[in-house]
Amino acid sequence: MSDEVKRAVKVRLNASGTRLIGYVQLRPHENRISDRLNDGDAFFVLDTPDSVEGGAQCVAVFKDAVSYVEALEEPERLHRRRIAGDFHWVTVELIRPKATLMGELFVPRGAAVTDGLNDCRRFINLKNVTFSDSNEQYGFLALGKSQCRMWALLRPKKTA
């Protein structure tokens, strides 16, 4: 069996209000969808099973039009780096689709929340995400920074 066990990630995404499901091919040095989303390219290719009008086999998606990407299926072989840090509860108001969501934002130890928001990555990762006014919940979500209108850091929840 080769090292290239499964080099694609099945995703559901929202691009300018259109929801798509398909596969994003990872490059040999990439382990997760966020690696592909945060590279320097303006577009990525989404291989579609036939869910796109006209039966297109793939779609080039402009990253700045993507509000969020949910990984539905991860590659089988991952080499994850462990970084020390903490999760902070945040709310985010999205431009398109117009929505507010709440989730936990990872911040490396010693860094401020704004350091993560202002770094060069186009997408930021959240976990335990819920959308207001809906039952939608996601374990992990990559959020396009260009689609975010406002971020609010929430006070830590008090434990009894």
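All other residues with a Cβ under 13 Å from the Cβ of residue 61 taken together, and with Lys, Arg as +1 and Asp, Glu as -1, what is their net charge?
On the way: positive: 12, 19, 36, 63, 122; negative: 41, 47, 64.
Net local charge, residue 61 excluded: +2.
Under a Cβ-Cβ cut-off of 11 Å, what is the net charge of the residues other than residue 39 that fall near it, where Lys and Arg count +1 and Asp and Glu count -1?
Numbers: positive: 27, 36, 63, 121, 122; negative: 30, 35, 41.
Around residue 39, the charge tally is +2.
Which FRET efficiency, nearest 0.05, do residue 58 and residue 87 yield, Cβ-Cβ r, R0 41 Å? Before the final figure, lay out the partial values.
Working: r = 35 Å, r/R0 = 0.85.
E between residue 58 and residue 87, to the nearest 0.05, is 0.75.
Quick one: which residues, 5+ away or cross-chain, put their amide H under 5 Å from the amide H of residue 140? H built at 1.01 Å from N.
128
So what's the net charge close to residue 116: Lys and Arg +1, Asp and Glu -1, counting the other residues with Cβ under 15 Å from its Cβ? Show your work: numbers first, answer last.
Values: positive: 109, 121, 122, 127, 145; negative: 86, 104, 115, 119.
Combined, the nearby Lys, Arg, Asp and Glu give +1.
By how many nm would the segment from residue 45 to residue 149 lengthen if fully extended, with 0.36 nm per residue of separation less the alpha-carbon distance?
Details: separation 104, 0.36 × 104 = 37.44 nm, distance 2.58 nm.
So the chain would gain 34.9 nm between residue 45 and residue 149.
Where a number appears in this text, it was derived from the coordinates with a stated rule and is not lab data. Not measured: the values here are computed from a predicted model. Heads up, the Cβs are rebuilt from the backbone with ideal geometry, glycines too, and the neighbour counts pull from every protein chain shown.
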